[in-house]
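Please read the structure below before turning to the comments.
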Amino acid sequence: MSTSNSPVIGQPVPRVDGRLKVTGGARYAAEFNQPNQAYAVIVSATIGLGRITSIDSAPVMRLPGVLTVISHLNAPRLAYQPYKGVIDPGVGERLHVLQDDQVRFFGQPVAVVVADSLDHAERAAAALRIRYAASRPVTDIHDPRAEQVIATQTAAVNARVAADRKRGKADSALAAAPVKVDAVYEMARENHNPMEPHATVAAWRGGKLTLWSKSQYVGNEQAEMAAIFGIARENVQVNCPFVGGAFGTSLRTWPHVTLAAVAAREIGRPVKLVLTRRQMSFTTGHRPRTEQRVALGATADGKLTSIIHEAFAETSRYEQFFEGITNQSEFLYSCPNVRTRYRIVPTDTSTPTPMRAPGEASGAYALECAMDELAVALNIDPIELRRRNEPKVDESSGRPFSSRSLLQCLDLGAERFGWSRRDPAPGSMRDGRLLIGWGVATTTRSAAQAPSDAIARLMPDGTVEIEVATADMGPGTYTSMTQVAADTLGLPMDRVRFTLGRSDLPTAPSHGGSWTMASVGTAIRAACLAVQAEAAKRAIADRRSPLYGAPIEQLEWTEGRLRRRSDTEAGETYRDVVGNQGPIQSKASASRSPDIANKFSMYGFGAFFAEVSVDPDVRTVRVRRLVGVYGAGRIINPRLATSQCIGGMVGGIGQALMERTVLDPRNGRPVNAHMADYLVPVNLDIGSLETHFLEEQDSIVNPLGAKGIGELSIVGVAPAIANAVYHATGKRVRELPIRIENLLEA
Ligand code: MOS
């Protein structure tokens, strides 16, 4: 049996859930109000380190509407069974909320107030008096009391990320290099700040917990809550049909989910708990602040002879968070001598978490700025420098790339951007009184695939139901997966219904890492192929079918019909085949074969070109133009992919010029934990954003040939902008975000 595809994949179809979203019909976690629901408000610690000496809840209990005040003094002891999801740090232990008197970081939840209305709960929470014995926390990676530790390698975590790695002799090669650069790059802590706040509605019925909870990973939330409460996974149901942006902050299950469930159990009523914007800077992860040294050595004609990349980053005391910050320095360019080193610094703050291209976005900033500095030192065009160091294989492993279009991306981007008109001399280009700078940088991100299951169910009315416990935090997963199913089955999209966001659906990996299409899409494709085969078997076995008794290898599905191969007869539709014998269901599991995983190096590649203007007097920087070109394999939906790339570029602009979580050095309080002072780009900050996808066929990476685009579209944006700022001003700022004051300094 064979299948021929109608061309639904690759079409720029609009979002299948677009109408629901713009009409308010899409329901987010906090909108799942339950009958008799109460409201919980978290009280956050106001010291950075120490312990709670007293909590005076009696006066608060007398306030109107207050149902209970829960703190470590009266909270139930929770099971907190050992559990690590793939997105949990391999070493350390999650915060055990309200289980002792210790304060580990500013903003840690120390009590939860539950009342009959949100107003009453907020008022009572504000009135709760808590005394502390405070000591001085370490909140800064440069604090002399801080130590740098090697992230411990465990089987549960990516050992490659944690390890120091080297090939050749990078230090002596650097010393001997005729041309070299050696610089330190700093990047600020960032918080995700999606539009939708973290929210959970929790309800118990008997021993069963139901959560309507913002999550990129409902399966993990189910498993974690089961472990925390010491109950079976089947007794936890997590629902999350829509996510209002997340960028990684809703991959893990944070303490507020536990608190909502504890509160609901204590008062015997459903409880809603929504974090405030301020609380979103306390316990829901952040991109760690990093400091990186990159040293590059080269021959006079621009061949790299040494790459040294040393990074250190903040983590918490209680968990070792680390990410692939130095990985790309090992394979992005050809170089015989490479050494990477990575240390994390435990501080008295909450644990960082993946934030849009965790590791790569930070690492690329340092590497791609250093490459720009090297190009200047060599007096070679930065694109030409990359051309001269294009590797033939992944030199970190010796494996071939499944596909790699970096130079094509640079060439197309240069053409679209008009790079040939660039005068390389810093400060040489102007528009009226404004200084103009043009910068370039490359991007890369692993094209991963994680195991996923999927169900496809052919219904008697000729429609198909697809089910997977994935999420859609914004990329358009509802739509793109509907395309995959429709394409595989040869059905119009409106015959396909895709359900996601429920923990009782077939298992999916986390909705992150740019791997949802590769993972879930491949599983859906497999389930659709399996259900087609099942349907063919039913037709063959059905005496009333014109295909009764036909040899299966002679049958094929084309355009939603089962026919004998090269038969021009109408054949049978899914509806005919399913008939009145009931739905036909197939479940499939898909994962990358170790054979492929061990043989190939699989990454997406791309290039960014940035134009900035800098006011020569007040030194304000504006990004006037960004051109992004991607070799990301097959693009399932160019409209959605372009939309993702716009998001990535906007995120990169924020990273380059605005985003920065500042901690009060006395207690680790995030001082700009609100949208007035935590700056993100708004419409007026965005100029022209151009996105181009190369035609790239990669039959190795997964059956769909899709490499993922979400994170590829942010890595490299910030360094392209930083390089443009240098080109405009002649001033090399080695700190993100680049602020006016960096450019005013002499
Ligand atoms: Mo992400 S950091 O892949 O949600």
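Go through (1) away from the ligand (no atom under 16 Å from the Cβ); (2) of a type outside the set (F, W, Y); (3) within 32 Å of the chain's Cα centre (by Cα); (4) over 30 Å from V577 (Cβ atoms) one by one and return the number of the condition A454 breaks.
(4)
Looking for whichever is among the acidic types (D, E) and either free of Cβ contacts under 8 Å to residues at least 12 places away in the same chain or within 15 Å of the ligand (Cβ to nearest atom) (or both) here; the options are E310, E234, E319. Which one fits?
E234
Within the stretch 505-542, work out how many residues are within 16 Å of the ligand (Cβ to nearest atom) and not in a helix (DSSP H, G or I).
So the count comes out to 8.
Do we find that S545 is outside any strand (DSSP E or B) and on the phi > 0 side of the Ramachandran plot in this structure?
Spelling it out, it is not the case that S545 is outside any strand (DSSP E or B) and on the phi > 0 side of the Ramachandran plot.
Across the stretch 69-81, what is the total count of residues that are touching a residue at least 60 places away in the same chain (Cβ under 8 Å) and either surrounded by fewer than 17 Cβ atoms within 10 Å (Cβ to Cβ) or not in a strand (DSSP E or B) (or both)? Working first, answer last.
Taking the stretch 69-81 as the starting set, the residues that turn out to be touching a residue at least 60 places away in the same chain (Cβ under 8 Å) are 70, 75-76, 78-81.
From the residues that got through so far, the ones that are either surrounded by fewer than 17 Cβ atoms within 10 Å (Cβ to Cβ) or not in a strand (DSSP E or B) (or both) too are 75-76, 78-81.
Result for the stretch 69-81: 6.
So, of the residues in the stretch 339-385 that are among the acidic types (D, E) and assigned to a helix (DSSP H, G or I), which turns out to be nearest to the ligand (Cβ to nearest atom)? Don't jump to the end; show me each part of the working.
Taking the stretch 339-385 first, the residues among the acidic types (D, E) are 348, 360, 368, 372-373, 381, 384.
Okay, now just the ones that are also assigned to a helix (DSSP H, G or I), so 360, 368, 372-373, 384.
Details: E360: 10, E368: 19, D372: 26, E373: 28, E384: 33 Å.
Among those that are among the acidic types (D, E) and assigned to a helix (DSSP H, G or I), it is E360.
Identify, please: which residue in the stretch 615-657 is in contact with a Lys or Arg (Cβ under 8 Å, 6 or more places away or on another chain) and aliphatic (A, V, I, L, M) and is, among those, nearest to V680 (Cα to Cα)?
L657
Can you tell me which residue in the stretch 7-34 is nearest to G245 (Cα to Cα), limited to those that are of a type in the set (D, E, K, R) and touching a strand residue (DSSP E or B) at 6+ places or on another chain (Cβ under 9 Å)?
Ranking the qualifying residues of the stretch 7-34, first place goes to R27.
Please state which one of E690, E735, E696, E711 is within 22 Å of L332 (Cβ to Cβ), modelled with pLDDT of 95 or more and surrounded by fewer than 23 Cβ atoms within 10 Å (Cβ to Cβ).
Values: E690 fails: within 22 Å of L332 (Cβ to Cβ); E735 fails: within 22 Å of L332 (Cβ to Cβ); E711 fails: surrounded by fewer than 23 Cβ atoms within 10 Å (Cβ to Cβ).
Only one candidate qualifies: E696.
Does at least one position in the stretch 470-479 carry a residue that is within 16 Å of the ligand (Cβ to nearest atom) and of a type in the set (D, E)?
Yes, the conditions are met somewhere in the stretch 470-479.
When the residues of the stretch 82-117 are narrowed to those that are among the β-branched types (V, I, T) and outside any strand (DSSP E or B), which ends up surrounded by the fewest Cβ atoms within 10 Å (Cβ to Cβ)?
Selected residue: V86.
Filter the stretch 480-499 down to residues that are buried (at least 24 other Cβ atoms within 10 Å of the Cβ) and under 30 Å from N235 (Cβ atoms) and give me whichever is farthest from the ligand (Cβ to nearest atom).
Per the stated criteria, the residue is F498.
Which helices (runs of 4 or more DSSP H) does the stretch 169-272 wholly contain that include 2 or more residues that are assigned by TED's automatic domain parsing to the domain that holds A115?
Those helices (runs of 4 or more DSSP H) span 218-229, 255-267.
Just for the stretch 571-604: of the residues that are among the β-branched types (V, I, T) and assigned to a helix (DSSP H, G or I), which one is nearest to R543 (Cα to Cα)? Give the derivation first.
The initial filter retains those residues of the stretch 571-604 that are among the β-branched types (V, I, T), namely 573, 577-578, 584, 596.
Still in the running and assigned to a helix (DSSP H, G or I): 577-578, 596.
Numbers: V577: 11, V578: 13, I596: 43 Å.
Residue satisfying both the conditions and the ranking: V577.
For T200, state whether it is β-branched (V, I, T) and within 14 Å of the ligand (Cβ to nearest atom).
No.
Mind checking which pairs have a first residue in the stretch 346-370 that is of a type in the set (K, R) and a second that is part of a helix (DSSP H, G or I) and within 12 Å of the ligand (Cβ to nearest atom), Cβ under 8 Å, 6 or more apart or different chains?
As it stands, the answer is R356/G648; R356/G651, since those pairs meet every condition given.
Among the residues of the stretch 555-565, is there at least one that is within 16 Å of the ligand (Cβ to nearest atom) and either over 40 Å from the mean Cα position of the chain (by Cα) or in contact (Cβ under 8 Å) with a residue 24 or more places away in the chain (or both)?
no
Take the residues in the stretch 606-646 that are hydroxyl-bearing (S, T, Y) and not in a strand (DSSP E or B), then tell me which one is surrounded by the most Cβ atoms within 10 Å (Cβ to Cβ).
T642
The values are calculated or read from the model by the stated rules, or taken from the named source; none is laboratory data. The structure presented is a predicted model; accordingly, all values stated were derived computationally and were not measured. Every residue, glycine among them, receives a Cβ derived from its backbone with ideal geometry; neighbour counts consider all protein chains shown.
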